[in-house]
Amino acid sequence: MPVFNANMFFHSCDEIWSGRKGIPWSWENLRRQYTRRFRVIAKIKEMEAVAVVRCPGLPLPLSFYITAGIASYNTAPQYPIGFDLLALLKSYSVEQEHEDDWQCHIVTCEYDTDVGRPFDINGNFVSPNQTQQDPTLEPPEVEWDHETIQVTKHQWIKISGSGETETKLALTNSAGQPFTPAPTFPLACPVLSMTRNEADYNEAKAIQFSYALNDATFLGAEVGMAQALPVKAKQKFKGTFPYWTVSYKIRFAPKNYDGHYQPWQPLLLDQGTVEYIPGPPGEPLKGRQREIWDRGHPVSTPRLLDGNGLVKKPNTTGPLVGIIEPVYITREVYRYEDLSTLLVYGMS
């Protein structure tokens, strides 16, 4: 439950999972509708509904229908993900949970793929930009695109004569040495862009999410396969009313040539010109580095290592006899965050 210790108006905002409902498909009108409910606990009495919906933990008006992920980076699977990028938050309704309890309010959020079209008194359609007095209530602009990235490759894929068996081999020269630097190849990754008007801009939150990875399943992407790019914001005014036009970009991991996704956390080929000799059992501090020698001389180019600091030996059994299979080391340089909060709550 999100608790707002520094907020003078609200104590907490927690989603109520019981009673959730939705219409994911309808033949009658081909529209989709969903309902989410939240319990908002206020700190002051006599709070009106228009003030309750300003609670920081509530989804923004016209935000996407996105619920929690299937599995967190640090926790076990909890519940399936739900998202619909065509369904927007269309309305709030607020009521006190108990008549004698002024603190607890139940906020019902209605999502719909049909957000309606404004008409003038003559029944003619009018652009929302002409009628909307609050620019933060205008629908977001959503775009899907692709960008090309250069990916470092340390292995190549060998297909058997039948075309069924894949063998991943180290990407080396004909003498078995890794290429230095490792070659790069282009891959295309999908990019989701969203621009919308928001009341505030939080630089600390923008920095927090820059290049962060998804800590739970996000729009179908597994943990660590979606990455938030730096947020861009521009302050504007409508009359004397200040607001921010905020742009978000989230890119999704591209597929390798073997059909598997390329993770954003770097995979480093374990290679070097020295190997690590561990100390005696129970004395790890006595381990030491030792130069790798070949034909009586220390090597000047990297050799493949086995993941434990020692030179990788060629396979002696199996279908890859004589082949040195590459070993990779994962280093987490990007932190994990709940990326759905960017699309649902924005910079609030």
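The values are calculated or read from the model by the stated rules, or taken from the named source; none is laboratory data. Worth saying up front: this structure is predicted, and the values here are computed from it rather than measured. Glycine also receives a Cβ, built like all others from the backbone with ideal geometry; neighbour counts cover every protein chain displayed.
Summary of values
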item: Leading residue by the ranking (nearest to Thr184 (Cα to Cα)) among those in segment 251-290 that are surrounded by 11 or more Cβ atoms within 10 Å (Cβ to Cβ) and more than 41 Å from the chain's Cα centre (by Cα); result: Arg290
item: Residue check, Leu320 modelled with pLDDT under 80 and closer than 29 Å to Pro186 by Cβ; result: yes
item: Cβ pairs under 8 Å, 6+ apart, first in segment 193-222 and modelled with pLDDT of 90 or more and surrounded by fewer than 18 Cβ atoms within 10 Å (Cβ to Cβ), second of a type in the set (Phe, Trp, Tyr) and assigned to a strand (DSSP E or B); result: Ser193/Trp144; Ser193/Tyr248; Thr195/Tyr248
item: Matching entry among Ser247, Ser348 (being of a type in the set (Ser, Thr, Tyr) and either modelled with pLDDT under 85 or loosely packed, with under 11 Cβ neighbours inside 10 Å (or both)); result: Ser348
item: Extreme residue, surrounded by the fewest Cβ atoms within 10 Å (Cβ to Cβ), among residues of segment 64-101 that are of a type in the set (S, T, N, Q), at pLDDT 50 or above and out of contact with any Ser or Thr (no Cβ under 7 Å at 6 or more places or on another chain); result: Ser91
item: Residue match in segment 135-144 (condition: of a type outside the set (Ser, Thr, Tyr), under 30 Å from Gln262 (Cα atoms) and at pLDDT below 55); result: no
